[in-house]
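Presented below is the structure to which this report refers.
Rule-based calculations on the coordinates, nothing more; no lab input. Note that the coordinates shown come from a computational prediction; the quantities given were computed from them, not determined experimentally. Glycine gets a Cβ as well: all are built from the backbone with ideal geometry, and neighbour counts include every protein chain shown.
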Amino acid sequence: MKHCEKCNVDVRGEFEHCPLCQHTLTGTPESNEFPAVQSIFKKYEKIIKFAILVTSSISVISIAVNILLPQTGHWSFFVLFGVICFWITANVCIKKRKVIAQNIAAEAVIISILCLVWDYFTGCNGWSVDYVIPIIFSWAMLGLFIATKILKIHIHDYIFSFVICIFFGLAPFILCLTGITKVLIPSVICIAISVISFITLVLYDGKELWLTLSKKFHI
């Protein structure tokens, strides 16, 4: 066991300096009683480093080519934006890996917002509202349902995330009424899945739904 002569305390573990005064410890170190918990970043360090290398290379090469070919427009900014989107979603996915229901809902919302911004800066072509948003929330609701059944997650742990997906899944209905959406098929499918999901939730888990909403909004 190591000893701090300044604080006159014994310190277990393999510390080099006293945790209290940072004075150099003397004595023989001993192994920690508690096992070291490996972080997700340390566990997948090689994969993360490779992803950083690939995304950085793509960004640098895109900027270099764009500088050499200025007549092609400022497309490298969109490449950079795509890389940023990738790391934002990856970060959310890693941090919320233990709460898969919240993860799915958060990923769907973040990706939708990023695609709206991307669509806006590329000329407002409407691909985000015509295809991306309805497809993302359709798969989010289906994925959430499948994941919770396979992992046997209690309804209390995913019902609010499910409601969020249903709410955003009904958003294409307003976009269709206002004429913003030009391609109706993806939106109609998304709306149908949202309505069916909501009816199923009310019929089979209505009490839990009301209880969860009451707690969230202090009704």
Selected from 185, 195, 135, residue furthest toward positive end of dipole (segment 125-219; charges at beta carbon): 195
At q = 0.13 Å⁻¹, base-10 log of I(q)/I(0) for segment 125-219 (Debye sum, equal scatterers on each alpha carbon): -0.47
Lys, Arg +1 and Asp, Glu -1 on Cβ, resulting dipole of the chain about Cα centre, debye, nearest 20: 260 debye
Extension gain from residue 99 to residue 185, taking 0.36 nm per residue of separation minus the Cα-Cα distance: 27.8 nm
Ranking of 190, 176 by count of other Cβ atoms within 10 Å, fewest first: 176, 190
Residue pairs, from the table 152/216; 152/207; 49/216, whose Cα atoms sit over 29 Å apart: 49/216
Long-range HN-HN contacts of residue 9 with modeled amide H, under 5 Å: 4
Helix-only mean residue ellipticity at 222 nm for the chain, each DSSP H run of n ≥ 4 adding -39500 (n - 2.57), per residue, nearest 500: -21500 deg cm²/dmol
Under Karplus coefficients 6.51, -1.76 and 1.60, residue-wise ³J(HN,Hα) of segment 200-206 in Hz, glycine/proline x: 4, 5, 5, 5, 9, 9, x
FRET efficiency, 1/(1 + (r/R0)^6) with R0 30 Å, evaluated for residue 80 and residue 43 via beta carbons: 0.60
Loop trypsin sites (Lys or Arg not before Pro), segment 113-196 (other Cβ atoms within 10 Å of the site Cβ: 16 or fewer; DSSP): 152, 182
Sorted by Cβ density within 10 Å, fewest first, the residues 54, 99: 54, 99
Sequence-distant aspartates and glutamates (8 or more away, or on other chains) whose Cα lies within less than 14 Å of residue 215: 157
Gain in span if fully extended, residue 149 to residue 192, counting 0.36 nm per residue against the direct Cα distance: 13.4 nm
Correct option for volume of the Cα convex hull per residue in Å³ [calculated from the coordinates] among [x] 225; [y] 109; [z] 175: [x]
Residue exposure sequence - 213, 175 - by fewest surrounding Cβ within 10 Å: 213, 175
